[in-house]
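The values are calculated or read from the model by the stated rules, or taken from the named source; none is laboratory data. Just so we're clear, the structure is a prediction, and the values are computed from it rather than from any experiment. Because the Cβ atoms are built from the backbone with ideal geometry, glycine has one as well, and the counts that use them run over all protein chains shown.
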Amino acid sequence: MQRIFSGIQPTGIPTLGNYLGAVRNWVKLQHDHDCIYCVVDLHAITVAHDPKALAQATREMAAALIASGIDPKHSILFHQSAVHAHVRLSWIFECVVRIGWLNRMTQFKDKAGKDRENVSAGLYTYPALMAADILAYHATRVPVGDDQRQHLELANDVAQKFNFDFCGGEPFFPVIEPVIMGPAARVMSLRDGTKKMSKSDPSDQSRISLTDDADTIALKIRRAKTDPEPLPGEPAGLEGRPEARNLVGIYAALTDSDHAGVLREHGGQGFGAFKGALTELLVDKLSPIAGEMRRLLADPATMDAILRDGARQAEAIAEPIVKKAEDLVGF
Ligand code: ADP
Ligand code: NA
């Protein structure tokens with residue numbers, strides 16, 4: 001059975017983008033794959049964070065994942081800082097990855113912005129830790145949103161160079177295949193159709209979070225940027241209309257359809273009517289998740305026990321793999 005690994009940062013309540021681009025696919029994969037899902041708290045400290053709030057943010061993310069359908073009986077669910085194998089392999093990978101490769105990462109350029117001399121070195125080397133997260137388990141399939149494509153290519157380059165440098169080209173680390181699924185693999189900001197929706201962008205509050213109530217969802221959809229034209233009858237008509245394309249993609253993902261299917265039903269409609277239908281759909285799909293999250297968070301001790309148990313299972317898989325990598329390096 002192929003092993004799946006994926007992670008999410010405890011940097012806020014998950015957005016509709018995290019849910020449609022990643023988490024919903026994690027849920028779908030867990031019944032016929034060996035799945036490991038990680039709340040990546042080591043990644044969360046690459047930017048300014050509140051130390052007093054981090055443990056609770058990790059618990060909230062775990063609750064959000066379980067409420068979305070991740071079942072700790074079928075999948076391993078844990079937080080990254082509890083399994084030291086990640087950091088040990090990450091250091092080795094920092095010494096394998098080339099600075100030139102890191103310099104090409106567009107997420108770093110976006111997140112660092114203009115103040116590139118004054119961000120943490122961790123934000124810069126983040127892709128080496130991400131490669132370690134996956135390869136410490138010899139995972140071969142990684143379900144992520146479209147924004148992670150470049151980091152996964154880099155992880156494959158790191159694995160290949162490690163194999164070449166330390167194993168005479170033998171495939172100790174396997175090739176990773178990204179699993180990027182569905183019509184909402186890159187959900188865009190509702191304010192700016194050229195930027196992705198992110199839970200951790202403080203400058204853009206237009207995102208839909210999994211805990212938003214019905215009124216908040218209705219308001220955010222009503223305010224979502226659109227153009228004056230009605231919806232086209234087929235996908236070609238979405239060309240050059242990123243905001244329309246985004247809303248149609250969200251609708252398609254939530255109904256397990258595609259752009260063409262949604263436009264067959266809603267083509268010709270103005271955004272007033274379409275936004276009403278979309279709001280209803282969102283409230284219908286998201287409010288049970290928010291309710292379940294509240295119920296889980298009322299019992300923090302059980303959440304912590306689930307994460308601890310997951311960490312023990314994760315460690316048992318990663319430990320021998322990382323030990324072997326350390327042997328190969330010569331430690
Ligand atoms: P964020 O950027 O929202 O803080 P993370 O870095 O924690 O999210 O990413 C968690 C997962 O969610 C990743 O698989 C990522 O590709 C996916 N993801 C993040 N934003 C989006 C989006 N706007 N659309 C689709 N998937 C997304
Ligand atoms: Na991201």
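What the table shows:
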| read-out | value |
| --- | --- |
| Leading residue by the ranking (nearest to ligand 2 (Cβ to nearest atom)) among those in segment 138-189 that are of a type in the set (A, V, I, L, M, F, W, C) and part of a helix (DSSP H, G or I) | Leu152 |
| Residue list for segment 24-44, filter: under 18 Å from Leu307 (Cβ atoms), more than 10 Å from ligand 1 (Cβ to nearest atom) and out of contact with any helix residue (DSSP H, G or I) (no Cβ under 7 Å at 6 or more places or on another chain) | Gln30 |
| Top-ranked residue of segment 3-23 - restricted to ones that are β-branched (Val, Ile, Thr) and either part of a strand (DSSP E or B) or modelled with pLDDT under 95 (or both), ranked as farthest from ligand 1 (Cβ to nearest atom) | Ile4 |
| Evaluation of Phe108 against (1) touching an Asp or Glu at 6+ places or on another chain (Cβ under 8 Å); (2) closer than 21 Å to Val187 by Cα (one fails), failing number | (1) |
| Qualifying residue in segment 249-259 (condition: part of a helix (DSSP H, G or I), under 18 Å from Lys225 (Cα atoms) and of a type in the set (A, V, I, L, M)) | yes |
| Among residues of segment 151-209, those that are among the small types (Gly, Ala, Ser), closer than 24 Å to Phe331 by Cβ and surrounded by 20 or more Cβ atoms within 10 Å (Cβ to Cβ), counted | 2 |
| Scope segment 199-209; condition at pLDDT 95 or above, in a loop (DSSP other than H, G, I, E, B) and either under 14 Å from the mean Cα position of the chain (by Cα) or within 16 Å of ligand 2 (Cβ to nearest atom) (or both); matching residues | Arg207 |
| Residue that is nearest to ligand 2 (Cβ to nearest atom), among those in segment 210-223 that are buried (at least 20 other Cβ atoms within 10 Å of the Cβ) and not in a loop (DSSP other than H, G, I, E, B) | Lys220 |
| Complete set of residues in segment 257-285 that are free of Cβ contacts under 8 Å to residues at least 40 places away in the same chain and among the hydrophobic types (A, V, I, L, M, F, W, C) | Ala260, Val262, Leu263, Ala273, Ala277, Leu281 |
| Qualifying positions in segment 30-77 - among the β-branched types (Val, Ile, Thr) and under 20 Å from Met130 (Cα atoms) | Ile36, Val39, Val40, Ile45, Thr46, Val47, Thr58, Ile76 |
| Verdict on Ala244 being farther than 30 Å from Arg141 by Cα, small (Gly, Ala, Ser) and touching a Ser or Thr at 6+ places or on another chain (Cβ under 9 Å) | yes |
| Residue check for Ala128: surrounded by 19 or more Cβ atoms within 10 Å (Cβ to Cβ), among the aliphatic types (A, V, I, L, M) and farther than 24 Å from Glu315 by Cα | no |
| Qualifying residue in segment 52-73 (condition: within 16 Å of ligand 2 (Cβ to nearest atom), in a helix (DSSP H, G or I), of a type in the set (S, T, N, Q) and within 17 Å of the chain's Cα centre (by Cα)) | no |
| Out of Ala277, Ala236, Ala305, Ala260, sole residue that is surrounded by fewer than 17 Cβ atoms within 10 Å (Cβ to Cβ), assigned by TED's automatic domain parsing to the domain that holds Gly21 and out of contact with any Leu (no Cβ under 6 Å at 6 or more places or on another chain) | Ala305 |
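Listed here are the residues, each with its yes/no results for (1) under 22 Å from Pro127 (Cα atoms); (2) buried (at least 21 other Cβ atoms within 10 Å of the Cβ); (3) more than 16 Å from ligand 2 (Cβ to nearest atom); (4) not small (Gly, Ala, Ser).
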{"site": "Ile4", "(1), (2), (3), (4)": "yes, yes, yes, yes"}
{"site": "Gln9", "(1), (2), (3), (4)": "yes, yes, no, yes"}
{"site": "Pro14", "(1), (2), (3), (4)": "yes, yes, no, yes"}
{"site": "Gly17", "(1), (2), (3), (4)": "yes, yes, no, no"}
{"site": "Trp26", "(1), (2), (3), (4)": "yes, yes, no, yes"}
{"site": "His33", "(1), (2), (3), (4)": "no, no, yes, yes"}
{"site": "Cys38", "(1), (2), (3), (4)": "yes, yes, no, yes"}
{"site": "His43", "(1), (2), (3), (4)": "yes, yes, no, yes"}
